[in-house]
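The values are calculated or read from the model by the stated rules, or taken from the named source; none is laboratory data. The shown structure was predicted, so the numbers you read here are calculated from the model rather than taken from an experiment. Cβ placement follows ideal geometry from the backbone for every residue including glycine, while neighbour counts extend to all protein chains displayed. Protein only, heavy atoms only, side chains kept; ligands, DNA and RNA dropped before computing areas. Shrake-Rupley method; radii C 1.70, N 1.55, O 1.52, S 1.80 Å.
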Amino acid sequence: MAEQVKENTVTLTIDGVEVAVPQGTLVVDAAKIAGQDIPVFCYHPKMEPVGMCRMCLVDIGYPVKDRNTGEAVLNEDGTPKIQFGRTLVTGCTQVVSEGMVVVGYSEKVQQARKDVLEFFLTSHPLDCPICDKGGECPLQNLTLAYGPGESRFNYDEKKKNLKHVPLGDLIFLDRERCIHCARCTRFQEEIVDDPVIGFYNRGRSLEITTWSEPGFDSYWSGNTTDICPVGALTTADFRFGARPWEMLEVASICRECPVGCNLTLNTRREAKSGGKMVVKRVMPRQNEQVNELWICDKGRFGYHYASADDRLTTPLIRKEGEFIPASWDEALSLAAEKMQAAGSRLVSVAGGQLSNEDYFHIGQLTEHLGGKAVLYSNMMGGDLTTKVGMGPGSNLADLGAGDAILVVASDLEEEAPLYWLRVKQAAERGATLIVANPRATKTDRYAAHIIRYEYGQEAAAILALSLDRIGDSDLADESFKQAAKAFAEAENAVVFFGSEGTGMAQSDALSKACANLLIATGHTGRPNNGLVGVWDKGNVQGGWDMGLQPSATLFDDLKAAKAAYVVGADLAGDNPAYKQALAQAEFVVVQELHHTATMELADVVLPAQSFMEREGTLTSGERRVQRYYPAVPPAGESKADFAITAEIAAMAGKELESVSAGLVFLGIVGKFKDYADLDYQALAEVSEQWPIIGREDLYYGGTGYANHQGLGVLLGTAAGRGEPVLIDGFDLPDTGVDGLLAVPVTRLYDQGNNLRYAAVMFPRIASSYVSLNPADAAGLGESVVVELNGFQVEVALKLDENVPQGIVVVPRSFGLPISAPTPVVVKN
């Protein structure tokens, strides 16, 4: 093994430092590994090099070889003779070779860097004191380090360009500051395949423009501001908001989807907020096994709900139809009394973004009182991922040629953007991507095999991929057979199952079919193999792991409840059917951050802390357990959800930890086998990652943050431990109807509570709508009335040829009463 490693490495010298790096490494990356400094502007370690800015010019020499013998020519002292070229070369485009000598600090190189910077500054505005990038600006830093002390160009000859140009609702462009490095345009084209911005004109008139309508129409736009090496691109959310040196940095985890992206919350105390400590921006934190260096715009801009003006800050009790402020003791005592009296008619509903510690306590309290604990989700299969999920040692970045990925019932970019990005990258590395979905999605672009099935036939389609059953299926055609063969023969295989068009019955059958496929093809119990749930909410997997499950009878459960305990879930706002059911419950306790439609139905309201104000753990769709940390003080008298539940439990005769999330985690470790080997402190451990990103060299990787607070730990699985894995039998749901069938789908930008506080996102959030195939829309206007599950709702109508005929696509969390495929009437 050691010999193989040696054969695959190259030894070179960079500014007198000898370094061994893998073959194919670029000179700038080799310098980074060696701890040497080669400045760059256009180069980024995640993108292909283009050599545009010339900042990385270096002098490179190669060992002289005897033309007859091929042997190295030696100097008199026995060292290899080195021949340097006549001109400097760009270090970002040069691949290392054995014996190469790189010089980055000769007078010749130093002068070239000065010249490059002088040319950049000929038309760059001298406005560092008011520039958002000041303090974390590569151009500013590299000018101080390598630039000339003064310019030979006249100030009056500077080219004036437009400033404060809105590329879209979220991103502003200052054309005077742009140095045309193309990092932003290359990111949009190479990394996320959204080429919605590009260069326009030529020469000194070259400028960035947007090609899309609306402008800069991409879920990834905020990342361009991170990698912009100057202050040309800024976010509408943060620009002119604070200085980098004024802000503290706190590690957190995004809970907008099941990926679990690592975040840094930048905070400061400010006068305009009444002297309070506030979060000024959300930035990506490097975790190469999760989100690499990127986050989506929802995760970046959708945090304002946690500090909204209508935050609940004190307990409330309804008296004579009005909410009256109450003490914690009074509110908790009343809640405990009613919940204890309810007994088996207690229904606890836990939202999908709570922490593991919150779920654990809700489950413990509800079990103690004899009630029913429900996880607020429409997806099943969380028990199966504990059996055949991806285990320790897994990393989607390791999947490539010879491996297979199946994405079923999921518009992956809408449901979990970073999963989409990493699956795309795996396909580009050579992995065989199989996409099974009733309608076309962006994921299809990278698929080797595309399978179309009718809504309701998700599980049947997966069963047809089993080679031993493919001949028995009415669905199986040549595309199924080819896909089945590719999946079965793959060295490693991962299945992502989502919630496109499914309710609980369909999701239950689909998840079991996926688990059976993995077992039948031998793709369980090994790293980089297994089942991943693309959950409809951020910590649904954590809820399943803590013993909670969704309920197919939640509507009836709530109607019959003597006491309903709703934590972190706006049931009434999401679905008017749940509003109707909650109105019939005898007593309702709501634990929430701010005013919601569900809160308006409560008898007792308990103010909870946001994720910014507390610590805890989350479990991603890949079952990676990660820690997050408090960034700002709690709002008013609010408390952590687990603490509130513990105090209710104490009044009901059950002792639970009410102070420390770490101590609650000890209880989790003691109760659940999959968590038995975890340690709360160990979740904060980190290891070296590549590329090496740090705030001290912002020019290299951008203004994102290195990870010093924890990479998380992947949980083990039953299959990985060698335990026998049995999957229960299931029936294939029948969704056949006469007329139109409404199916629920997930949109990244929904009308849920998280986004309704993010003002910059409002233009991107659609009003309530449904989508139809044009063939089904004859005679219908732009606005229609939808009759669905006993409700009539007026919505906008969108025509989409990708929607199969006979289907009405209804987005979740848009105020429409849908949780499963159901008959629908659409009329003017």
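Just by accessible area at a 1.4 angstrom probe, what is the order of Ile295, Ile727, Ile324, Ile130 from largest to smallest? If you can, show how the numbers build up before the last one.
Values: Ile295 5, Ile727 35, Ile324 70, Ile130 110 Å².
My answer, sorted largest first, is Ile130, Ile324, Ile727, Ile295.
Can you pull the accessible area of Ile191 for me, 1.4 Å probe, Å² to the nearest 10?
10 Å²
Just going by the charge dipole of the chain, with Lys and Arg at +1 and Asp and Glu at -1 on Cβ, which of Gly299, Gly16, Gly547 is farthest out on the positive end?
The residue sitting most towards the positive pole is Gly16.
Roughly how many Å is it from the Cα centre of the range 254-299 to that of the range 6-63, as a whole number?
32 Å
So how long is each side of the range 2-105 along the principal axes, counting just the alpha-carbon atoms, biggest first, in Å?
Cα extents, longest axis first: 40, 37, 23 Å.
Give the accessible surface of the range 1-138 per residue, rounded to a whole number of Å², with probe radius 1.4 Å and ligands, DNA and RNA excluded. The partial results should precede the final answer.
Numbers: 7190 Å² over 138 residues.
Spelled out: the 1.4 Å probe surface of the range 1-138, per residue, equals 52 Å².
Among rounded, prolate and oblate, which fits the range 384-534 when a ≥ b ≥ c are the square roots of the eigenvalues of its C-alpha gyration tensor, a/c under 1.5 means rounded, and a/b larger than b/c means prolate?
Details: a/c = 1.25, a/b = 1.18, b/c = 1.06.
Rounded, since a/c falls under 1.5.
Residues of the range 384-534: accessible area per residue at 1.4 Å, in Å²?
Numbers: 4330 Å² over 151 residues.
Accessible area per residue, the range 384-534: 29 Å².
Using only helices, what value at 222 nm comes out for the chain when you add -39,500 (n - 2.57) per DSSP H run of length 4 or more and divide by the total residues, to the nearest 500 deg cm²/dmol? Working shown, then result.
Numbers: 22 runs with 188 residues, N = 828.
Taking each H run of at least 4 residues, the total per residue is -6500 deg cm²/dmol.
With a 1.4 Å probe and every protein chain left in place, work out the accessible area per residue of the range 740-827 in Å², rounded to a whole number.
Values: 3520 Å² over 88 residues.
Here the per-residue accessible area is 40 Å².
Only bridges with both residues in the range 740-827 count here: give the DSSP antiparallel percent, nearest 5. Mind showing how you got there, number by number?
Numbers: 15 of 24 bridges.
Beta bridges within the range 740-827, antiparallel portion: roughly 60 percent.
Where the centre of each part is set by its Cα atoms, how far does the range 169-211 sit from the range 763-814, in angstrom?
After rounding, the separation between the Cα centres reads 35 Å.
In whole percent, how big is the carbon plus sulfur part of the accessible area of the range 2-105, probe 1.4 Å, protein atoms only? Please list the in-between numbers first.
Details: 2640 of 5540 Å².
For the range 2-105, the apolar C and S fraction of the accessible surface comes to 48 percent.
Roughly to the nearest percent, how much of the accessible area of the range 116-235 is carbon and sulfur, given a 1.4 Å probe? Write out the running numbers ahead of the final one.
Working: 2850 of 5280 Å².
Taking all protein chains in place, the range 116-235 shows 54 percent carbon and sulfur surface.
Which entries of Lys298/Lys671; Lys319/Lys579; Lys32/Lys280 show an alpha-carbon separation above 29 angstrom in the structure shown? Please report the intermediate quantities before stating the final value.
Details: Lys298/Lys671 35 Å; Lys319/Lys579 20 Å; Lys32/Lys280 31 Å.
Cα-Cα > 29 Å for Lys298/Lys671; Lys32/Lys280; rest within.
Computed over the Cα atoms, what is the radius of gyration of the chain divided by 2.2 N^0.38 Å, N being its residue count?
Numbers: Rg = 28.7 Å, N = 828, 2.2 N^0.38 = 28.3 Å.
That ratio works out to 1.02.
For the range 740-827, restrict the atom set to alpha-carbon positions and state the Rg and Dmax in Å.
Reported Rg and Dmax, both Å: 12.9, 37.
Report the rotationally averaged projected area of the range 623-729 based on its alpha-carbon convex hull, in square nanometres. Intermediate values should be presented prior to the final figure.
Working: hull surface 47.8 nm².
Answer in nm², one decimal: 12.0.
When only alpha-carbon atoms count, how far does the range 319-358 stretch along each of its three principal axes, as whole angstroms with the largest first?
34, 24, 20
Among Leu666, Ile33, Gly653, whose Cα projects farthest towards the positive end of the dipole of the chain, with charges put on the beta-carbon of Lys, Arg (+1) and Asp, Glu (-1)?
Going by the Cα projections, it comes out as Ile33.
Given the range 298-380, what whole percent of its Cα pairs are spread farther than 20 Å? Provide the component values of the computation, followed by the final result.
Values: 1855 of 3403 pairs.
Roughly 55 percent, once rounded to a whole number.
Provide Thr385, Thr87 ordered by accessible surface of protein heavy atoms (probe 1.4 Å), highest first.
Numbers: Thr385 0, Thr87 95 Å².
Accessible-area ranking of Thr385, Thr87, largest first: Thr87, Thr385.
Would you mind listing how long the range 116-235 runs along its three principal axes, going by Cα atoms, in whole Å with the largest first?
42, 27, 24
Expressed as a whole percentage, what fraction of the accessible surface of the range 384-534 belongs to carbon and sulfur atoms when a 1.4 Å probe is rolled over the protein heavy atoms? Working shown, then result.
Working: 1930 of 4330 Å².
Taking all protein chains in place, the range 384-534 shows 45 percent carbon and sulfur surface.
Report, to two decimal places, the Cα Rg of the range 772-816 normalised by 2.2 N^0.38 Å (N = number of residues).
Values: Rg = 10.6 Å, N = 45, 2.2 N^0.38 = 9.3 Å.
Cα Rg divided by the expected 2.2 N^0.38 Å: 1.13.
Would you list which lysines come within 20 Å of Lys158, measuring only between C-alpha atoms, while excluding same-chain residues fewer than 8 positions from it?
Reachable lysines: Lys114.
Of the beta bridges DSSP finds with both residues in the chain, what % are antiparallel, to the nearest 5?
On the way: 68 of 117 bridges.
Bridges in the chain that DSSP calls antiparallel: roughly 60 percent.
Among Cys254, Met283, Phe323, which residue has its Cα positioned farthest towards the positive end of the charge dipole of the chain, with +1 placed on the Cβ of Lys and Arg, -1 on the Cβ of Asp and Glu, and the dipole taken about the Cα centre?
In the chain, that residue is Met283.
Could the peptides 539-551, 307-319 be put in order, highest first, of the mean number of other beta-carbon atoms found within 10 Å of their residues?
Working: 539-551: 26.1, 307-319: 17.1.
Ranked by mean Cβ neighbours within 10 Å, highest first: 539-551, 307-319.
Using +1 on the beta carbon of Lys and Arg, -1 on that of Asp and Glu, and nothing else charged, what's the dipole of the chain about the Cα centre, debye to 20?
So the magnitude is around 1540 debye.
To the nearest 20 Debye, how big is the dipole of the range 384-534 about its Cα centre, given +1 on the beta carbon of each Lys and Arg and -1 on that of each Asp and Glu?
Details: 13 positive and 19 negative charges, 63 e Å.
Here the size comes out at about 300 debye.
How do Glu48, Glu330 stack up against each other in accessible area, from largest to smallest, with a 1.4 angstrom probe? Intermediate values should be presented prior to the final figure.
On the way: Glu48 120, Glu330 75 Å².
I get Glu48, Glu330, largest accessible area first.
Which percentage, to the nearest 5, of the DSSP beta bridges contained in the range 285-418 is antiparallel? Kindly include the intermediate steps, with their values, before the conclusion.
Values: 5 of 9 bridges.
Of those bridges, close to 55 percent are antiparallel.
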